[in-house]
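Novice: Handing you a structure now.
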Amino acid sequence: MEEAYSHFLIFMALLALYIFIALFKTTAGYGMFYSKNRGWSRLVFAWWTFANLAPRAAALHRIYELEFGEEFKKEERKKIIPFIY
């Protein structure tokens, strides 16, 4: 069980790193987020990022449920937004 938990922690750390890079370090996203026209560009950037990352998070959640079974389900982890959904 400890091995599965350590694998899960490594996965979560890598996922957090990926999300950080996707949100703040991409050239197009960085340019839109800090442009002079900040109204719609921020909204579009946030929506596009969510639309790309949400299905991936849901798919990875399903993969973990299949791989770890009841161990993963009993922890009641949320798919996309921690403690909410």
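Novice: Across region 66-81, what is the number of residues that are over 25 Å from Phe50 (Cβ atoms), of a type outside the set (Gly, Ala, Ser) and in a loop (DSSP other than H, G, I, E, B)?
Specialist: Total satisfying the criteria: 1.
Novice: Now for a different question. Pairs, please: C-beta under 7 Å, at least 6 apart or cross-chain, first residue at pLDDT 85 or above and in region 46-62, second hydrophobic (A, V, I, L, M, F, W, C) and surrounded by 13 or more Cβ atoms within 10 Å (Cβ to Cβ)?
Specialist: Close Cβ pairs (under 7 Å, with a partner that is hydrophobic (A, V, I, L, M, F, W, C) and surrounded by 13 or more Cβ atoms within 10 Å (Cβ to Cβ)) amount to Leu53/Ile19; Leu53/Ala22; Ala54/Ile80; Ala57/Ile80; Ala58/Ile80.
Novice: Output the residue which, of all residues in region 1-44 that are at pLDDT below 75 and touching a Phe, Trp or Tyr at 6+ places or on another chain (Cβ under 8 Å), is surrounded by the fewest Cβ atoms within 10 Å (Cβ to Cβ).
Specialist: Ranking the qualifying residues of region 1-44, first place goes to Phe24.
Novice: Output the qualifying pairs, or none if there are none: Cβ atoms under 8 angstrom, residues six or more apart or on different chains, first residue in region 2-23 and over 17 Å from Gly69 (Cβ atoms), second residue β-branched (Val, Ile, Thr) and at pLDDT 80 or above.
Specialist: Note: pairs meeting the criteria are Ala22/Thr49; Leu23/Thr49.
The values are calculated or read from the model by the stated rules, or taken from the named source; none is laboratory data. On a predicted model such as this, the values are computed, not experimentally measured, just so you know. In this analysis, Cβ positions are derived from the backbone assuming ideal geometry, glycine residues included, and neighbour counts consider all displayed protein chains.
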